[in-house]
Amino acid sequence: MNLPILIIDVYDLLLSIIALYSAHRLLIIWRFYRYRHGSPQPSQIYTADDLPAITVQLPIYNEMYVVERLLTAIAQLDYPLDKLEIQVLDDSTDETHAVCRQQVQQLKQRFNIYHIRRCCRQGFKAGALEHGLTLASGELVAIFDADFVPPPDTLLLMVHYFSNPQVGMVQARWDHLNRSYSTLTELQALMLDGHFVAEQTSRSRTGCFFNFNGTAGIWRVAAIADAGGWQHSTVTEDLDLSYRAQMQGWQCVYLPHIKVPAELPMEMNSFKSQQFRWAKGSSQVAKLLLPSLLRVSLPTYIKVEAFFHLTNNFNYLLMLLLLLLSLPYQIYVMPYGWRYTLFFYGPLSLITSLSLISFYLVAQRQPQENWLSWTLLRNLLLLMGVGIGLSINQSLAVCDGLLRNNRDFIRTPKHGVIGTTESWIDKKYRAAKSWVPYLELAMIVYLVLTLAIALINHHYLSLPFLLLFLAGYIYTFSLSVFQTR
């Protein structure tokens, strides 16, 4: 087989696999619409005397700008004080420690609250949660990260689902404190809404495995122990534990109508480090659990959904390979003519693009009129470009998770900034510098050359997609460099 045919065959194979994941995304949308009205109900409602004891765990590490806001919200939780325990799991190495200590001292007058410090950060967040469990007195444990602001009725709305003894975890939906702060935060909100509205609802209501999101949820302590406890063999301990618990037979409940707002990352580099950790962690969990999950006695549809779920970030690696082949593809596809592009390349590309737009559009649909706007449509197109622009960052994360055993936990800086008149620039915390932007710049040059070849060869149907890819990389690269400086 000569080189041109090999390149075209590999390119077509990659595009077909990506289209397969896109078809799965359409299946998620169909399931969402079919089961969107089937909201789960608790087996019974606890009386005030029967409410189980809850330990609220607050894992903290260098969160000086948001920890006071978190503790203020926790102090307003509506739950019987004699059945509420609060653990501030403080691994901080900066001024956050003093802020926590002062706030805990004030709250001790009203609450059963403890400021827990470890001698070392072994296991990072998972290690802190596991250590806290050894000291906890509650039958249930609620977890809230530092950037979350749970409404007062959060615990009371969620706790009744544990009246079913088979329920091991209940997850609330994330909302966003600073959605309108910038275009970047609007795009992140779109991404998370797609996950929490479409994916989580679809999986949970069809009996498939879905994941605990690390915060804004409640666990039964017995379920954690039965699943093997918090483990720090991956950097997404939440995904790991929720899959192990469901494999042990525990039921998990997702409640999209209960929203717990949180702060979105303000800067591109923080956003990229967060996405890197999630992609790396899901790859680690796929490597760790998929082989045993596919062997256990479960319905086939659950195994298939779990496979697509845990390998979803592999799409970034496939897309990166597709981009690297785009230049030789534009050179060698010429002999195949316009019919090939129209009847093969075009349909697969459209399926991928339209499934992505539909996926995120579903999550934004509101019963009120005029929910569809030009701003939303612009953001949906830009989101597609940014998804491509993240392909290098996320591909490195996937490879890191599959090929290496390091478990370094890179935190996402939070700045406590919500209003558009506020600024994060003078804040102390910053994302770690990376050499990824240099690779993104090289990809921008590569895509410009690809565009030029496409124009020369009159491959006009390729131009909209190549322009979208280029715009996504330019946006991702420019924000990474500008915000670092």
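The values are calculated or read from the model by the stated rules, or taken from the named source; none is laboratory data. These figures come from a predicted structure and were not determined experimentally. Reconstructed Cβ throughout: ideal geometry from the backbone, glycine too, with neighbour counts over all protein chains shown.
Annotation: ARG31 fulfils all but one of (1) more than 25 Å from ALA98 (Cα to Cα); (2) part of a loop (DSSP other than H, G, I, E, B); (3) within 26 Å of the chain's Cα centre (by Cα); the unmet one is (2).
Residues of segment 439-460 that are within 11 Å of GLN330 (Cβ to Cβ) and among the small types (Gly, Ala, Ser): ALA452, ALA454. Within segment 191-226, restricting attention to residues that are surrounded by 23 or more Cβ atoms within 10 Å (Cβ to Cβ) and among the hydrophobic types (A, V, I, L, M, F, W, C), the residue that is nearest to the chain's Cα centre (by Cα) is PHE212. When VAL141 is tested against (1) at pLDDT 95 or above; (2) surrounded by fewer than 19 Cβ atoms within 10 Å (Cβ to Cβ), exactly one condition is not met: (2). Residues in segment 130-156 that are hydrophobic (A, V, I, L, M, F, W, C) and either more than 24 Å from the chain's Cα centre (by Cα) or over 22 Å from GLU63 (Cβ atoms) (or both): LEU133, LEU135, ALA136, LEU140, LEU156.
Here the condition is being at pLDDT below 95, outside the structural domain of LYS414 (by TED's automatic domain parsing), surrounded by fewer than 21 Cβ atoms within 10 Å (Cβ to Cβ) and of a type in the set (A, V, I, L, M, F, W, C); of VAL66, VAL99, it holds for VAL99 alone.
For segment 326-378, residues that are assigned to a loop (DSSP other than H, G, I, E, B) and modelled with pLDDT under 75 total 8.
Please find, among SER391, SER434, SER423, the residue that is among the hydroxyl-bearing types (Ser, Thr, Tyr) and either modelled with pLDDT under 80 or outside the structural domain of SER480 (by TED's automatic domain parsing) (or both).
On the way: SER391 fails: either modelled with pLDDT under 80 or outside the structural domain of SER480 (by TED's automatic domain parsing) (or both); SER434 fails: either modelled with pLDDT under 80 or outside the structural domain of SER480 (by TED's automatic domain parsing) (or both).
Criteria check complete, one pass: SER423.
Only residues that are crowded, with 24+ Cβ neighbours inside 10 Å, under 13 Å from PHE209 (Cα atoms) and either of a type in the set (Val, Ile, Thr) or free of Cβ contacts under 8 Å to residues at least 24 places away in the same chain (or both) were counted across segment 227-263, and they come to 0. Applying the criterion of being of a type in the set (S, T, N, Q) and modelled with pLDDT of 95 or more to the residues of segment 160-179, the residue that is surrounded by the most Cβ atoms within 10 Å (Cβ to Cβ) is GLN171.
Is it the case, given these coordinates, that VAL235 is modelled with pLDDT of 95 or more and assigned by TED's automatic domain parsing to the domain that holds LYS125? Taking the combined requirement at face value, the residue does not satisfy it.
Among the residues of segment 182-206, those identified as closer than 14 Å to ILE28 by Cβ and small (Gly, Ala, Ser) are GLY194, ALA198, SER202, SER204. For LEU58, the stated conditions hold: it is in the same structural domain as GLU199 (by TED's automatic domain parsing), part of a strand (DSSP E or B), in contact (Cβ under 8 Å) with a residue 40 or more places away in the chain and in contact with an Asp or Glu (Cβ under 9 Å, 6 or more places away or on another chain). Taking the criterion of being among the hydroxyl-bearing types (Ser, Thr, Tyr) and either within 22 Å of the chain's Cα centre (by Cα) or not in a helix (DSSP H, G or I) (or both), would at least one residue in segment 458-467 satisfy it? Within segment 458-467 (the criterion being among the hydroxyl-bearing types (Ser, Thr, Tyr) and either within 22 Å of the chain's Cα centre (by Cα) or not in a helix (DSSP H, G or I) (or both)), the answer is no, since none of the residues qualifies.
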